[in-house]
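Contents: one structure, followed by commentary.
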Amino acid sequence: MYRNVNGIRLLNGRTLLLGALTCLSVLMPRAVAAQADQLRLVAEPAAIEVIVGRSVPLTVQVFDSSGQAVDIAVRFAAPRSALRVRDGNVQGLEAGTYEIVATAALGPDVSAAVEPLTIPVTVAWPPVAT
């Protein structure tokens, strides 16, 4: 386990490697640890209905195969002229039926597979006042 070099006690290579791997597993971010898992995106709500000019909240989280939330950023793509996705809200800009596509922003150190999530959005005109 130890060896002496010039009166100094040193760890042998195997013990040093084992110690380093133990430290890495403790310090490794959850996202990196999840790289062997199949990750999935979940939206709340799963479908959105909003009135032109108004906003509704949207939360999309990444979960691993055991159902634990994983801290990975999510990116959104939506028609710019019709929807605005910002700060956890979706604002309807133009009446119609659209889709928001959510993707996990995986870093280079994460090799898990994540299918994009499509969220249907219906933007309606406000009711006519009588």
Original post:
Where does the charge balance sit around Val121 when Lys and Arg score +1, Asp and Glu -1, over other residues with C-beta under 15 Å from its C-beta?
Top reply: 0
Subject >> Apportionment of accessible area to carbon and sulfur, the stretch 63-130, percent (1.4 Å) >> reply: 50
Original post:
Contour minus end-to-end for Ala69 and Ala47, with contour as 0.36 nm per residue of separation and end-to-end as the Cα-Cα distance?
Top reply: 5.9 nm
Original post:
Any idea how far apart Ala95 and Trp125 come out in nm if each label point goes 7 Å out from Cα toward Cβ?
Top reply: 0.3
Subject >> Inverse of mean 1/r across different Cα pairs in the stretch 41-111, Kirkwood, Å >> reply: 13.2
Subject >> For the stretch 83-91, Karplus couplings with θ = phi - 60° (6.51, -1.76, 1.60), whole Hz, Gly/Pro x >> reply: 9, 10, 10, 7, 6, x, 10, 10, 10
Subject >> Whole-Hz ³J(HN,Hα) from phi, Karplus 6.51 cos²θ - 1.76 cosθ + 1.60, for the stretch 52-68, glycine and proline x >> reply: 3, x, 10, 10, 10, x, 9, 10, 10, 10, 9, 10, 8, 5, 8, x, 8
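The values are calculated or read from the model by the stated rules, or taken from the named source; none is laboratory data. Here the structure is a predicted model, which means the values were calculated and not measured. No Cβ is skipped: glycine too gets one built from the backbone with ideal geometry, and neighbour counts run over all protein chains shown. Note: accessible area is taken over every heavy atom of the protein model, side chains too, but ligands, DNA and RNA are not part of it. Shrake-Rupley method; radii C 1.70, N 1.55, O 1.52, S 1.80 Å.
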